[in-house]
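Remarks on the structure that follows.
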Amino acid sequence: MALGREPHVLVVGGSDSSGGAGIARDIETISAVGVRTCLAVTALTVQTHEAVKKLHHSPPSLVADQMRAAFQANKVAAIKIGMLATAEIIVAVAAVLRENPQVPAILDPVLASTSGRALLEAGAIAAMKRDLVPLCCLVTPNLIELALLIGAEQAVDEDEAVWQGQELLAAGAQAILIKGGHAKGLRSTDILLRCGQEPIRFDAPRLAVSMRGTGCMLASAVAAHLANASPLEESVRRGKLFVFEKLETDLTN
């Protein structure tokens, strides 16, 4: 089928019954950039915009089978990984990535919901760092996630955030985009770190309200541009601009 020959982003993540985050946001964002999606669902949630009420994990083998079927059916040009829920799912996803090393993967390390409920089992962070982070061309933690990934307190300023990012690079990450949404100030600055290169900052005005799903949107937008064969730095720049313009439009409508 002609559909299968078009570039796709394979979205690996959990559902959000409210539509505010998770694969609903991923599909919306990637489609808005003009790229098609295919899916591997890692978890089903029952949630509102205020709280996650129930959470059901997919069997790891089912997640891996979904990913392999997506590769068989489509031209997968990038992978966006969100909620993974368990160490066993992390290991299963990593196995499929190792089977397809030519496809760039972006990991948005979803560790907890906005309301505070844990979305990754205790002890699974070690599996994520060991088995998955080194296989991804970009990891996109916010300040809270970055601190949890390296076992530290949340960074209090940009210098400390960069230091923590460097620690994650030393642990095997290829590139890190530190999201500045949890920082303070009138500007929201995301910082791209790569080994042996100077940090690159992507700056935008901070929006006046807090919104769910922005991390999903950013990682998905970057993945969509990667699927269109844009280089990593340009994909991040375009992704950041897309998210800012989309959220600004949503707030004014």
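The values are calculated or read from the model by the stated rules, or taken from the named source; none is laboratory data. This structure is a prediction, so every number in the text was calculated from the model and none was measured. Please note: Cβ atoms are built from the backbone with ideal geometry, for glycine as well, and neighbour counts cover all protein chains shown. SASA here: full protein model, heavy atoms, side chains in, ligands and nucleic acids out. Shrake-Rupley method; radii C 1.70, N 1.55, O 1.52, S 1.80 Å.
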Surface accessible to a 1.4 Å probe, per residue, for the residues of the chain, Å²: 45
Around A92, under 13 Å between beta carbons, what's the net of Lys plus Arg minus Asp minus Glu among the other residues? -2
Between exposed trypsin sites (Lys or Arg not before Pro) in the chain, where DSSP calls loop and at most 16 other Cβ atoms lie within 10 Å, what's the longest gap? 1-116
Whole-Å semi-axes of the ellipsoid equivalent to the range 30-73 (Cα gyration tensor, √5λ, descending): 24, 19, 4
Counting residues in the chain as N, plug N into 2.2 N^0.38 Å and put the Cα Rg over that result. 0.93
Given the DSSP H assignment, sum -39500 (n - 2.57) over each helix run of at least 4 residues in the chain and divide by its residue total; what's the result at 222 nm in deg cm²/dmol, nearest 500? -12000 deg cm²/dmol
In whole percent, and with a 1.4 Å probe on the protein chains, what portion of the accessible area of the range 1-150 is carbon and sulfur? 58
Expressed as a whole percent, how much of the Cα-Cα distance distribution for the range 2-60 exceeds 18 Å? 40
Total lysine pairs whose alpha carbons fall under 26 Å of each other in the chain (8 or more apart, or interchain): 13
Long-range amide H partners of L55, meaning residues 5 or more apart or on another chain whose placed amide H is closer than 5 Å, are V46
Under-5 Å amide H pairs with R36, H placed in peptide plane, nonlocal only: V9
What residues from the range 36-68 fall in the zone where the backbone N is under 16 Å from a label point 7 Å along the Cα-to-C-beta line of S17? 43-58
